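Enquirer: Structure below; questions to follow.
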Amino acid sequence: MKKILIATEKPFAPVAVQGIKEVVEAAGYELALLEKYTEKKELLDAVADADALIVRSDKVDAEVLDAAKQLKIVVRAGAGYDNIDLAAATAHNVVAMNTPGQNANAVAELVMGLLVYAVRNFYNGKAGTELLGKKLGILAFGNVGRNVARIAKGFGMDILAFDAYCPAEAIEAAGVKAVGSTAELFEQSDIVSLHIPATPETKQSINGELVGKLPKGGILINTARKEVIDEASLLKLMEERTDLKYIADIKPDADAEFAEKFADRYFATPKKMGAQTAEANINAGLAAAHQIVGFFKEGITKFQVNK
Ligand code: 3PG
């Protein structure tokens with residue numbers, strides 16, 4: 001009997017695990033669960049006899065793939081797959097997939113929640129500002145960026161976007177103003193929300209020079225990946241520009257320094273919370289389970305990312 005392992009350092013909501021179990025068992029497979037593990041050894045032991053693996057931001061590197069002697073497929077239940085060593089997966093004949101779009105609304109709702117928190121001065125009692133009429137720049141117009149635009153329209157914000165891989169016409173078709181570059185987006189927005197993946201091209205690409213293009217009172221919000229920020233230059237910029245705020249759903253490596261220096265202009269969630277809703281867990285978890293069943297039973301590789 002095939003064994004499907006869910007290995008999640010940050011667990012899914014129980015209702016999602018139950019749903020995955022039902023899909024897996026209906027296909028005649030067995031579900032194993034490794035949650036809240038703290039040592040890599042626990043993951044290495046658990047994957048030893050797994051045929052398929054469902055993870056979130058859990059690291060799947062060459063060592064994990066070496067230990068997973070029977071593994072045929074790993075599905076990242078979520079969008080970003082920078083936690084999976086794709087070359088190593090290919091070398092081990094393991095298909096890697098993601099579940100794009102399934103948790104996008106959850107992340108987008110958190111963006112708006114964090115923005116309200118930021119413009120109201122972290123609810124410290126002092127008068128803040130409103131989002132109505134402010135310019136929101138969305139960097140990368142994928143599933144999350146599109147959902148942010150949809151919700152931000154309800155707040156009455158003016159929405160701009162730039163995406164190096166999405167034509168301006170597609171952005172404009174969604175009722176959003178397309179700008180010509182990342183630099184233009186920062187120049188023209190009051191708030192910039194990051195939705196780029198962490199790739200060799202994007203890592204450390206958001207630096208002090210770019211963020212410094214924001215007008216007075218500008219806000220940078222990052223619900224994407226900490227790796228896309230050049231932290232040293234952002235720290236330096238925020239020392240010079242005492243009007244800027246940085247809001248993150250993924251703690252920067254220099255979290256302590258940001259928190260100490262900019263207590264009233266910096267906030268990071270204690271744990272990545274963007275996709276942490278029952279709905280997103282169900283959507284992404286069930287999609288992962290269905291993709292595994294579709295792969296084993298029919299050879300479907302639609303969402304493979306290591307082709
Ligand atoms: C994603 O890439 O899907 C999001 O960052 C969510 O990540 P998580 O599953 O670790 O919460």
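The values are calculated or read from the model by the stated rules, or taken from the named source; none is laboratory data. Source: prediction; values computed, not measured. No Cβ is skipped: glycine too gets one built from the backbone with ideal geometry, and neighbour counts run over all protein chains shown. Areas reflect the complete protein model, heavy atoms only, side chains present, ligands, DNA and RNA absent. Shrake-Rupley method; radii C 1.70, N 1.55, O 1.52, S 1.80 Å.
Enquirer: Using the heavy atoms of the protein chains and a 1.4 angstrom probe, tell me the accessible area per residue for region 79-187 in square angstrom.
Expert: Computed with neighbouring chains in place, this is 45 Å² per residue.
Enquirer: Just to be sure I understand the model, the point goes 7 Å from the Cα along the line to the Cβ. What's the resulting Glu63 to Glu30 distance in nm?
Expert: Once both label points are built, they end up 2.7 nm from each other.
Enquirer: Quick one: Cα centre-to-centre distance for region 186-242 and region 1-52, in angstrom?
Expert: Cα centroid of region 186-242 versus Cα centroid of region 1-52: 36 Å apart.
Enquirer: Given the Cα-Cα distance of Thr242 and Lys271 and 0.36 nm per residue of separation, how much length would full extension add, in nm?
Expert: 7.8 nm
Enquirer: Right, here's the next one. Would you mind telling me the share, in percent, of accessible area of region 30-151 contributed by carbon and sulfur at probe 1.4 angstrom?
Expert: With neighbouring chains kept in place, the figure for region 30-151 is 51 percent.
Enquirer: Roughly speaking, what is the stretch gain from Lys216 to Ile151, that is 0.36 nm per residue apart minus the C-alpha to C-alpha distance, in nm to one decimal?
Expert: 21.0 nm
Enquirer: Assuming R0 = 30 Å, what is the FRET efficiency of Lys297 and Arg120, from their Cβ-Cβ distance, to the nearest 0.05?
Expert: Efficiency, from the Cβ-Cβ distance: 0.05.
Enquirer: Over all alpha-carbon pairs in the chain, figure out the percentage whose distance exceeds 33 Å.
Expert: When every Cα pair of the chain is considered, 29 percent fall beyond 33 Å.
Enquirer: If I take R0 = 22 Å and measure r between the Cβ atoms of Glu22 and Val305 in this structure, what FRET efficiency does the formula 1/(1 + (r/R0)^6) give, to the nearest 0.05?
Expert: 0.25
Enquirer: Using 1/(1 + (r/R0)^6) with R0 = 30 angstrom and r between the beta carbons of Glu42 and Glu279, what's the FRET efficiency to the nearest 0.05?
Expert: Efficiency, rounded to the nearest 0.05: 0.60.
Enquirer: Once you treat every alpha carbon in region 1-66 as an equal point and sum by Debye, what is log10 I(q)/I(0) at q = 0.12, 0.13, 0.22 Å⁻¹?
Expert: For region 1-66, the Cα-only Debye profile gives -0.28, -0.33, -0.92.
Enquirer: Using the heavy atoms of the protein chains and a 1.4 angstrom probe, tell me the accessible area per residue for region 10-69 in square angstrom.
Expert: 47
Enquirer: Here is a further query. Might you tell me the accessible area per residue for region 192-255, computed with a 1.4 Å probe and given in Å²?
Expert: Result: 41 Å² of accessible area for each residue.
Enquirer: Quick one: Karplus J couplings for region 107-121, per residue in order, coefficients 6.51, -1.76, 1.60, θ = phi - 60°, nearest Hz, x for Gly and Pro?
Expert: So the J values, rounded to whole Hz, are 5, 5, 5, 5, 4, 5, x, 5, 5, 4, 4, 6, 6, 9, 6.
Enquirer: Sort 85-91, 99-105 by the packing proxy (mean of other Cβ within 10 Å over each peptide's residues), most packed first.
Expert: The packing order, highest mean first, is 99-105, 85-91.
Enquirer: Considering amide H positions built from the backbone, and no H for Pro or chain starts, which residues 5 or more places from Ala248, or on another chain, come under 5 Å of its amide H?
Expert: Correct list: Asn222, Phe267, Ala268, Thr269.
Enquirer: Here is a follow-up. Once every DSSP H run of n ≥ 4 in the chain is given -39500 (n - 2.57) and the sum is divided by its residues, what mean residue ellipticity at 222 nm do you get, rounded to the nearest 500 deg cm²/dmol?
Expert: Result for the chain, helices only: -11000 deg cm²/dmol.
Enquirer: Over the Cα atoms of region 69-138, what is the Rg over Rh ratio if Rh follows Kirkwood?
Expert: 1.27
Enquirer: In whole Å and largest first, what semi-axes does the C-alpha gyration tensor of region 104-268 yield when each eigenvalue is scaled by 5 and square-rooted?
Expert: The three semi-axes for region 104-268 are 23, 18, 14 Å.
Enquirer: What ranking, highest mean first, results for peptides 271-283, 164-176, 206-218 when packing means the other Cβ atoms within 10 Å averaged over each residue?
Expert: 271-283, 206-218, 164-176
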